[in-house]
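Encoded as structure tokens, the structure appears first; notes follow it.
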Amino acid sequence: MEKPTVICLTPVKNEAWILDRFLKCASLWADHIIVADQNSSDGSVKIAQRFQKVRLIQNDVNKFNEPERVQMLLAESRKIPGLRLLISLDADEFLTSNFVKSAEWQTMLNCEVGTLISFDRVNIFPGMSHYWFEGRVFGFMDDGSPYQGPAIHSPRVPLPIDAPTLALKEIKVMHYQYTDWDRMWSKQRWYQCYELVHGPTRSPAKLYRKYHHMYSVRPDEFHPIPSSWFENYAAHAIDMTSTLRESAFWWDKEVLHFFRDYGVTLFSKLDIWDQDWVSLAKREGFRDAHMFEDPRSKLEKLAHRALRRSRGPTRPILKRVADYGSSVPSDIRPTARRGLLYYCCLSILSWAPLQALGRLRRSFGL
């Protein structure tokens with residue numbers, strides 16, 4: 001059987017904080033690394049140009065569109081003749097280094113054309129000693145299938161109907177997003193704003209739960225990182241445990257543009273106001289920086305405080321109330337004060353503040 005060419009597909013936008021590490025690691029297993037850079041301003045392009053296996057292409061599109069960049073990466077990979085094994089990773093994702101010794105690697109190389117490759121993705125916790133599971137990412141033994149996906153959180157590779165899937169158990173994908181909590185929060189703030197603008201049917205409460213899921217991880221879901229995940233990289237003098245922390249993030253600048261274009265009031269129900277947007281706007285040279293002041297009402301701030309208090313794995317009540325509307329399960333007997341907070345969270349963040357006030361008054365005899 002023909003040996004496939006192993007191709008890593010990676011979209012990049014301002015990933016200098018981790019790109020050198022990523023390319024060193026990927027160079028150990030990939031024959032080609034196709035990097036599609038989208039107007040990076042932090043030196044990412046210069047880093048990519050230092051690596052022999054990198055094929056750098058320019059993504060000049062200004063808007064955020066995941067399917068478009070995947071199509072770009074696929075088109076470039078399909079210029080490489082012969083059998084192609086595609087593995088799509090972001091710059092903050094790494095194969096565990098046990099791929100060197102695992103029999104799964106050879107099994108993957110020998111799979112049939114049209115087979116999907118499924119990796120467990122594990123989030124690396126700050127401190128680099130523990131991880132938790134979160135979903136799966138895919139590779140693909142390319143058969144030329146067409147690709148399609150939504151504008152955000154789209155699949156990495158084509159997903160043909162009825163395609164066989166090889167599910168790997170030993171080789172995993174380590175996700176480093178959470179190793180820098182500040183950077184992660186900047187990205188989560190941007191995601192919430194983007195979805196609110198481009199998918200206004202999703203309520204702010206649902207957006208909150210979607211982008212604060214890391215607080216719902218139970219203690220028993222954290223696992224120590226096996227030494228085998230790092231040891232081969234260490235043998236090649238690749239540092240896998242330090243974190244280069246930045247003081248400013250491009251996602252926050254994009255959020256300021258959302259505020260400017262749509263007005264801050266639209267975003268008042270999102271819990272993104274822990275950032276000092278006025279100071280950031282001044283540093284970025286925006287005129288009338290005061291227009292970026294926190295627009296939330298007292299009730300909206302109250303609702304956000306309640307959501308934060310309820311976001312841990314041992315506080316499921318608020319999530320159940322939000323999921324089932326105003327029909328509180330019979331086994332829940334919150335105090336009047338908690339009931340007030342829950343109703344505020346549910347109704348205010350569901351875009352019905354006036355109805356919420358009326359319901360509160362009726363419920364509590366105000």
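Values as computed for the structure displayed
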| item | result |
| --- | --- |
| Selection from segment 215-231 of residues that are surrounded by 12 or more Cβ atoms within 10 Å (Cβ to Cβ) and either closer than 16 Å to MET128 by Cβ or free of Cβ contacts under 8 Å to residues at least 24 places away in the same chain (or both) | PHE222, HIS223, ILE225, PRO226, SER228, TRP229, PHE230, GLU231 |
| All positions within segment 263-290 that are within 24 Å of the chain's Cα centre (by Cα) and of a type outside the set (A, V, I, L, M, F, W, C) | SER268, LYS269, ASP271, ASP274, GLN275, ASP276 |
| In segment 1-11, the residues that are farther than 12 Å from SER88 by Cα and either at pLDDT 95 or above or acidic (Asp, Glu) (or both) | GLU2, PRO4, THR5 |
| Filter result for the condition that a residue is exposed (fewer than 13 other Cβ atoms within 10 Å of the Cβ), under 17 Å from LEU23 (Cβ atoms) and at pLDDT 95 or above, over LYS79, LYS46, LYS53 | LYS46 |
| Any hit, segment 277-294, residues being in contact (Cβ under 8 Å) with a residue 40 or more places away in the chain and outside any helix (DSSP H, G or I) | no |
| GLU15, sole failed condition from (1) surrounded by fewer than 20 Cβ atoms within 10 Å (Cβ to Cβ); (2) part of a loop (DSSP other than H, G, I, E, B); (3) under 23 Å from the mean Cα position of the chain (by Cα) | (1) |
| ILE57, sole failed condition from (1) in contact with a strand residue (DSSP E or B) (Cβ under 8 Å, 6 or more places away or on another chain); (2) of a type outside the set (Phe, Trp, Tyr); (3) in a loop (DSSP other than H, G, I, E, B) | (3) |
| Pairs where the first residue, in segment 169-193, is under 30 Å from VAL264 (Cβ atoms) and the second is of a type in the set (S, T, N, Q) and surrounded by fewer than 20 Cβ atoms within 10 Å (Cβ to Cβ), C-beta under 6 Å, 6+ apart | ASP180/THR243; MET184/GLN177 |
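Matching residues to (1) touching an Asp or Glu at 6+ places or on another chain (Cβ under 6 Å); (2) of a type in the set (Val, Ile, Thr); (3) modelled with pLDDT under 90:
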{"position": "LEU266", "(1), (2), (3)": "no, no, no"}
{"position": "ILE272", "(1), (2), (3)": "no, yes, no"}
{"position": "GLN275", "(1), (2), (3)": "no, no, no"}
{"position": "ALA281", "(1), (2), (3)": "no, no, no"}
{"position": "PHE286", "(1), (2), (3)": "no, no, no"}
{"position": "HIS290", "(1), (2), (3)": "no, no, no"}
{"position": "ARG296", "(1), (2), (3)": "no, no, no"}
{"position": "ALA303", "(1), (2), (3)": "no, no, yes"}
{"position": "ALA306", "(1), (2), (3)": "no, no, yes"}
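The values are calculated or read from the model by the stated rules, or taken from the named source; none is laboratory data. Quick caveat: nothing in here was measured; it's all calculated off a predicted structure. Backbone-built Cβ (ideal geometry, glycine too); neighbour counts: all protein chains shown.
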